[in-house]
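Have a look at the structure below, then the notes.
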Amino acid sequence: MAQFDVFRNTGDSAEHYPYIVVLQSDLIPSKKSQVVAPLSHSSQFEKMLKVCPLVELESEQWMLIIPHLTSIPSSYLVEKVANIESDRGDILMALDRLFTGIA
């Protein structure tokens, strides 16, 4: 799997977050776990756009909920549906904002 790969969420939160994005760098390989964040359509995150960048997936706009990043077992990432490398700049800027408060 590669950084910014998008997988279908098969966990309990799939109703609210149908997709999960791998944020972990390919340079830090891990067979056991991956750092990820969910995608959502929820309007509750609209005020947080500086840390929840908009990305396009399957011709729809989604919000990448960076503040909900977590580590999950790699075995949960089964069905890859896309890669959003094209949104790399916005995603990295949101991560910078979350951790440094600037970007």
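The values are calculated or read from the model by the stated rules, or taken from the named source; none is laboratory data. Source: prediction; values computed, not measured. As a convention, Cβ positions derive from the backbone with ideal geometry for all residues, glycine included, and neighbour counts pool all protein chains shown.
Would you confirm, using the coordinates I've provided, whether Gly101 is loosely packed, with under 11 Cβ neighbours inside 10 Å and modelled with pLDDT of 95 or more? So Gly101 fails the test. Pairs linking a residue in region 49-70 that is charged (D, E, K, R) to a residue that is outside any strand (DSSP E or B) and surrounded by 12 or more Cβ atoms within 10 Å (Cβ to Cβ), with Cβ atoms under 6 Å and 6 or more positions apart or on different chains, are Lys50/Arg97.
Being in contact with an Asp or Glu (Cβ under 9 Å, 6 or more places away or on another chain) and over 14 Å from Tyr19 (Cα atoms) is not true of Asp96. If I go through region 68-98 residue by residue, how many of them are surrounded by fewer than 16 Cβ atoms within 10 Å (Cβ to Cβ), among the basic types (Lys, Arg) and part of a helix (DSSP H, G or I)? The qualifying residues number 1. Right, Asp26: out of contact with any helix residue (DSSP H, G or I) (no Cβ under 8 Å at 6 or more places or on another chain) and not in a loop (DSSP other than H, G, I, E, B) or not? The answer is no for Asp26. Within region 1-16, if we keep just the residues that are closer than 15 Å to Pro73 by Cβ and touching a residue at least 60 places away in the same chain (Cβ under 8 Å), the residue that is nearest to the chain's Cα centre (by Cα) turns out to be Phe7. Do we find a residue being surrounded by 13 or more Cβ atoms within 10 Å (Cβ to Cβ), out of contact with any strand residue (DSSP E or B) (no Cβ under 8 Å at 6 or more places or on another chain) and either among the hydrophobic types (A, V, I, L, M, F, W, C) or assigned to a strand (DSSP E or B) (or both) anywhere in region 39-60? Within region 39-60, one or more residues are surrounded by 13 or more Cβ atoms within 10 Å (Cβ to Cβ), out of contact with any strand residue (DSSP E or B) (no Cβ under 8 Å at 6 or more places or on another chain) and either among the hydrophobic types (A, V, I, L, M, F, W, C) or assigned to a strand (DSSP E or B) (or both).
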